[in-house]
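The values are calculated or read from the model by the stated rules, or taken from the named source; none is laboratory data. These numbers come from a predicted model, not from an experiment. Methodologically, a virtual Cβ is constructed for each residue, glycine included, from the backbone with ideal geometry; neighbour enumeration extends over all protein chains shown. Surface areas here come from the heavy atoms of the whole protein model, side chains and all, with no ligands, DNA or RNA. Shrake-Rupley method; radii C 1.70, N 1.55, O 1.52, S 1.80 Å.
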Amino acid sequence: MSIETIAYRAEAHVTGGREGQAKSSDGALDVTLSTPKKLGGAGGQGTNPEQLFAAGYAACFLGALKHVASQEKVTLPKDASIDAAVGIGAVEIGFGIEVELKVSLPGLAREEAESLVEKAHTVCPYSNATRGNIDVTLSVV
């Protein structure tokens, strides 16, 4: 799947890998990176790629939910939220990740919420990028 027209391009500069620094070209993001103890690191004060991916996927997915809800003429609750978990572990040829998104849409009927989540999973750029590559588990909570 090729993008017809790039609407926005994010840029970041990273030094030091998992023990380094990540900065966006516009300065909005400037974070220290550190490896969690469970991955053999020191577990410092910094964040890590899995946390950044979890936050990015959840934010993007909530945006996709808002998009499909507007198309369906459904008002999402103001307190709609997503709890995202990204797991990392060994695979046959290196390392892989998996994602779990727990979507909370208080006040919406379960069937309607599940339908919106399915549709959002179809249009979300993160979902499209990961589809067929990693396990993604979606649930309405």
**Item:** Flag if LYS73 is on the phi > 0 side of the Ramachandran plot and in a loop (DSSP other than H, G, I, E, B)
**Value:** yes
**Request:** Would you check which residues across region 16-47 are outside any strand (DSSP E or B), open to solvent by less than 40 Å² (accessible area, probe 1.4 Å) and either touching a strand residue (DSSP E or B) at 6+ places or on another chain (Cβ under 6 Å) or of a type in the set (Lys, Arg) (or both) and list them?
**Result:** GLY20, GLY46
**Message:** Within region 103-129, take every residue that is in contact with a Cys (Cβ under 8 Å, 6 or more places away or on another chain) and not aromatic (Phe, Trp, Tyr) and give me the one that is least open to solvent (accessible area, probe 1.4 Å).
**Reply:** CYS124
**Asked** Does ASP79 satisfy being among the acidic types (Asp, Glu), farther than 30 Å from GLU112 by Cβ and open to solvent by 20 Å² or more (accessible area, probe 1.4 Å)?
**Response** no
**Request:** Please indicate, with yes or no, whether at least one residue in region 52-68 is more than 20 Å from ASP135 (Cβ to Cβ), modelled with pLDDT of 95 or more, touching a Ser or Thr at 6+ places or on another chain (Cβ under 9 Å) and among the aliphatic types (A, V, I, L, M).
**Result:** yes
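Every residue, every condition in (1) of a type in the set (Val, Ile, Thr); (2) in contact with a strand residue (DSSP E or B) (Cβ under 7 Å, 6 or more places away or on another chain); (3) assigned to a strand (DSSP E or B), yes or no:
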{"position": "LEU52", "(1), (2), (3)": "no, no, no"}
{"position": "PHE61", "(1), (2), (3)": "no, yes, no"}
{"position": "HIS67", "(1), (2), (3)": "no, no, no"}
{"position": "ALA84", "(1), (2), (3)": "no, yes, yes"}
